[in-house]
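This report concerns only the one structure given below.
Every number in this text was worked out from the coordinates using simple rules, so none of it is lab data. None of the values given here were measured: they were computed from a predicted structure. Every residue, glycine as well, gets a Cβ built from its backbone with ideal geometry; the counts of neighbours run over all protein chains shown.
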């Protein structure tokens, strides 16, 4: 079956509790923020925190230099806020806090003239695509794990050798990040 027909793109601005989504979030102006290990670790620790609080279930992910892909489920609200909104707020806050302390000049790259904020880390409107079958999740997991190998990136030689990805987890069964769940438990 043609992969375009197999996976019809449906964009959601609001994700529903209990549904699984392929989610893409991009850094403002496609800046390479996650070449910093400090900032990559902020993302990973935030995912672990949200998972430990039973707010999300993460099936697969890849953290690229300027964007990330996550296959996840919003398990429950974080007070009045969806967990993905909490993720974006917290990671932005912590990264900007570090920039203020250690790389003040970088902050100007994230300045915006919005009424709600002066700085923006994540671009508006991340892409959320509903995953409703085993076939679709396997297709997206393959895409996520192959992302670092694309010619544009060339970040590793095999998916499992890319440090900021769930590919090694699916090869070895070892969750070195402390927040992954095997998708076969859901599908």
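Numbers at a glance
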| item | result |
| --- | --- |
| The one condition in (1) more than 23 Å from residue 39 (Cα to Cα); (2) in contact (Cβ under 8 Å) with a residue 60 or more places away in the chain; (3) part of a helix (DSSP H, G or I) that residue 145 fails to fulfil | (1) |
| One residue from 149, 155, 171 being over 16 Å from the mean Cα position of the chain (by Cα) and farther than 18 Å from residue 64 by Cβ | 171 |
| Every residue from the range 108-126 that is in contact (Cβ under 8 Å) with a residue 12 or more places away in the chain and part of a helix (DSSP H, G or I) | 109, 110 |
| Looking only at the range 156-177, and only at residues there that are in contact (Cβ under 8 Å) with a residue 24 or more places away in the chain and part of a loop (DSSP other than H, G, I, E, B), the one that is surrounded by the most Cβ atoms within 10 Å (Cβ to Cβ) | 166 |
| Every residue from the range 108-122 that is in contact with a strand residue (DSSP E or B) (Cβ under 7 Å, 6 or more places away or on another chain) and surrounded by 15 or more Cβ atoms within 10 Å (Cβ to Cβ) | 110, 119, 121, 122 |
| Top-ranked residue in the range 55-107 [being in a loop (DSSP other than H, G, I, E, B) and either more than 12 Å from the chain's Cα centre (by Cα) or without any contact (Cβ under 8 Å) to a residue 40 or more places away in the chain (or both); ranked as surrounded by the most Cβ atoms within 10 Å (Cβ to Cβ)] | 55 |
| The range 31-42, residues that are part of a helix (DSSP H, G or I) and without any contact (Cβ under 8 Å) to a residue 60 or more places away in the chain | 35, 37, 39, 41, 42 |
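Quick grid of which residues meet (1) touching a strand residue (DSSP E or B) at 6+ places or on another chain (Cβ under 8 Å); (2) surrounded by fewer than 12 Cβ atoms within 10 Å (Cβ to Cβ); (3) over 16 Å from residue 60 (Cα atoms):
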| residue | (1), (2), (3) |
| --- | --- |
| 125 | no, yes, yes |
| 131 | yes, no, no |
| 146 | no, no, no |
| 152 | no, yes, yes |
| 179 | yes, no, no |
